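The values are calculated or read from the model by the stated rules, or taken from the named source; none is laboratory data. These numbers come from a predicted model, not from an experiment. Backbone-built Cβ (ideal geometry, glycine too); neighbour counts: all protein chains shown. Heavy atoms of the whole protein, side chains included, go into the accessibility calculation; ligands, DNA and RNA do not. Shrake-Rupley method; radii C 1.70, N 1.55, O 1.52, S 1.80 Å.
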Amino acid sequence: PEGVQQYLKIVEKMRANFGKGAYPGSPWFALEGMREIDKATIFEMQRDVFQQLRHNIFDKRAGLHERDAYEGLLGVIPPKEKRGLVMIDPPYELKTDYQAVVSGLIEGHKRFATGVYALWYPVVLRQQIKRMIHGLEDSGISRILQIELAVRPDNDHRGMTASGMIVINPPWKLEQQMAALLPWLHRTLRSEER
């Protein structure tokens, strides 16, 4: 599928610059998809990860900030262009991270209701994901798309069984594109797991 080819090209480009084992994270992918006139603001609170970002990102469109993303986000939205994408990739190291991200999204949406918000999440305990979705729905946010890829059934004993995205104000055709791409990814990953 087309999306997979784009993904592989981005991975190849990064490995050409940084070596065979390099893997582009979400900031790298975001920058690769941006136009020349677009701007990015990247927040990272963990010192070692921030240093890696500083070492790997040489893009004049990107501003790097070593600070809490929830605080930083509220300082930069709404952008003067009145359009934008907010990508959130929390560590989920603490159980409170699940509620913090919901609170952050609700507050962000109040300030910038037309923005697109994309939140990554791991499925470790299904109840945590259900609470996140219910919290967002109960807030009155209306345009919420949940995209999820599971290779194994939910299981309380094996760790992460699926990975997903919650997208607020999803771009046009995203749902149809994911409906076409996810079955292919599922088949491919299942066959590689055997």
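Farthest toward the dipole's positive end in segment 54-194, which of Val101, Thr114, Val86, given Cβ charges of +1 (Lys, Arg) and -1 (Asp, Glu) about the Cα centre?
The listed residue farthest towards the positive side: Thr114.
Filter Lys80/Lys110; Lys13/Lys80; Lys60/Lys110; Lys95/Lys173; Lys13/Lys173; Lys39/Lys82 down to the pairs with a C-alpha to C-alpha distance above 22 Å, please.
Pairs exceeding 22 Å: Lys13/Lys80; Lys60/Lys110; Lys95/Lys173; Lys13/Lys173.
In sequence order, what are the phi-derived ³J(HN,Hα) couplings for segment 80-96 according to the Karplus relation 6.51 cos²θ - 1.76 cosθ + 1.60 with θ = phi - 60°, rounded to whole Hz, with x for glycine and proline?
4, 6, 6, 8, x, 10, 10, 9, 10, 10, x, x, 6, 7, 10, 4, 5
Can you tell me the length gained on complete extension of the stretch Trp184 to Glu66, counting 0.36 nm per residue apart and subtracting the Cα distance?
Contour length minus the Cα-Cα distance gives 38.7 nm.
When only C-alpha pairs under 8 Å and at least 6 residues apart count, what is the relative contact order of the chain, in percent?
That works out to 15 percent.
Based on DSSP H runs of at least 4 residues, each adding -39500 (n - 2.57), what is the mean residue ellipticity at 222 nm of the chain after dividing by all its residues, to the nearest 500 deg cm²/dmol?
It lands at -15000 deg cm²/dmol.
Grab every C-alpha pair in the chain, bin the distances at 10 angstrom width from 0 up to the longest one, and report whole percents.
Calculated P(r), rounded to whole percents: 7, 31, 39, 21, 1.
Roughly how many debye, to the nearest 20, is the charge dipole of the chain about its Cα centre, given +1 on each Lys and Arg Cβ, -1 on each Asp and Glu Cβ, and no other charges?
340 debye
If we sort 145-151, 58-64 on the protection proxy, mean other Cβ atoms within 10 Å, highest first, what's the order?
Descending packing order for the listed peptides: 145-151, 58-64.
Report, to the nearest whole %, how much of the accessible area of the chain belongs to carbon and sulfur atoms, 1.4 Å probe, protein only.
Whole-percent figure for carbon plus sulfur exposure: 54.
What does the accessible area per residue of the chain come to in Å², with a 1.4 Å probe and no ligands, DNA or RNA counted?
With all protein chains present, the chain gives 65 Å² per residue.
Contact order normalised by length for segment 1-100, with contacts defined as Cα pairs under 8 Å and 6 or more residues apart; what percent is it?
Normalised by residue count, the contact order of segment 1-100 is 19 percent.
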